[in-house]
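Every number in this text was worked out from the coordinates using simple rules, so none of it is lab data. Keep in mind that what you see is a predicted model, and the values were worked out from it rather than measured. Reconstructed Cβ throughout: ideal geometry from the backbone, glycine too, with neighbour counts over all protein chains shown.
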Amino acid sequence: MSAARKHTALPKAQILIEALPWLTRHNGKTVVIKFGGNAMIDEELKAAFAQDVVFLRQAGLKPVVVHGGGPQISAQLDKQGLVSEFKAGLRVTTPEAMDVVRMVLAGQVQRELVGLLNQHGPLAVGMTGEDAHTITATQHRPTIEGELVDIGRVGEITAIDTGAIQALLDDGRIPVISSIARSADDNHVYNVNADTAAAALAAALNAETLMVLTDVEGLYEDWPNSDDVISRLTAGELEKLLPELSSGMVPKMQGCLHAVRNGVETARVIDGRVQHSILLEIFTDEGIGTMVVPDAQPGTVAQPGTEGEA
Ligand SMILES: Nc1ncnc2c1ncn2[C@@H]1O[C@H](COP(=O)(O)OP(=O)(O)O)[C@@H](O)[C@H]1O
Ligand SMILES: CC(=O)N[C@@H](CCC(=O)OP(=O)(O)O)C(=O)O
């Protein structure tokens, strides 16, 4: 009886042991995980996301969560009879809309994620980029068809202060950050795209990995005509591709490029609709989605399947 029981439990031990090289490699490393509003599809997925993040923390990594909430903001603006308009992939943010952005991100989405994470212990602490000067910005004016365009209270990040995040990490906490910035030059706050904020934080924190969870499998080679996913590309290859990208993929891939050009080892776009996609990506050789690596070390940067050898 006891021998049979041992035997049935063996595959579980095997799975744990297979993760050992990855556990060793990632021990103590900071991982910035961006959870996109479009990937927050249902309660089960959000709960699985929280489990994964807590798992990383308990496995010795230092996860930092940056969350989005675009669809949630749009729904609230709609309820209040305000229109949602995007230019260059960014929300045109009037002062009125900014109040809604701040309320939804910091008051709803962030609170919900903090609550889900804290079901596993006193781990998560929510904050916005306004806190402790974490993210400072000036007004962002994108160039559209050669013209500088005013899209309201949208911020361009000018400085990151990682002090508060680092203190939380040192204390074993999981920071959960809303992408709102303090203004460098007045009393306003700015709406920052969450991919952009996550990438800037990953670079400033010297994170090992930036992981962006969204509602597609990764970067499609020929979107929307085919569903072939680009599994790996270098910063240089991505740079060439950027002008062809559209909508939500623009800030996402610009962010990945910024991250790997500023010290982050890999930036990955993965399918947040797949339960436990974070664990699959970090602890198995079945890396899913798109991985961006720096130019300098093509071929030498750890890839899924070889990561454990480090
Ligand atoms: N080349 C591409 N590959 C994949 N998705 C793309 C591509 N170009 C544009 N997209 C769009 O980008 C979206 C993801 O960005 P976004 O809607 O901002 O999501 P999130 O809320 O996760 O940040 C996809 O759902 C898809 O509609
Ligand atoms: C300037 C800008 O566009 N800000 C975004 C912030 C939220 C976000 O980025 O959410 P997702 O990651 O879910 O897209 C917005 O207002 O929608």
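Packing order of peptides 119-131, 277-289, 156-168, 64-76, highest average first: 64-76, 277-289, 119-131, 156-168 (average count of other Cβ atoms within 10 Å over each peptide's residues). Only lysines eight or more places from LYS46 in sequence, or on another chain, were considered; those with a Cα closer than 28 Å are LYS12, LYS29, LYS34, LYS62, LYS79, LYS252. Label reach from LEU20 (point 7 Å along Cα→C-beta): in the range 278-296, amide nitrogens under 18 Å belong to 283-285. Normalised by 2.2 N^0.38 Å, where N is the number of residues, the alpha-carbon radius of gyration of the range 195-278 equals 1.03.
State log₁₀ I(q)/I(0) for the chain at q = 0.11 Å⁻¹ as given by the Debye formula over alpha-carbon point scatterers of equal weight, solvent excluded. Results for the chain at q = 0.11 Å⁻¹ read -0.65. By the helix-only formula, in which each DSSP H run with n ≥ 4 contributes -39500 (n - 2.57) and the sum is divided by residues, the chain has a 222 nm mean residue ellipticity of -10500 deg cm²/dmol.
For the range 137-224, the equivalent ellipsoid derived from the Cα gyration tensor has semi-axes of 25, 22, 10 Å, listed largest first.
Measuring how big the range 23-124 is from its alpha-carbon positions, Rg and Dmax come out at 15.8, 52 Å.
If you wrap the tightest convex hull around every Cα atom of the range 126-281 and split its volume per residue, you get 129 Å³.
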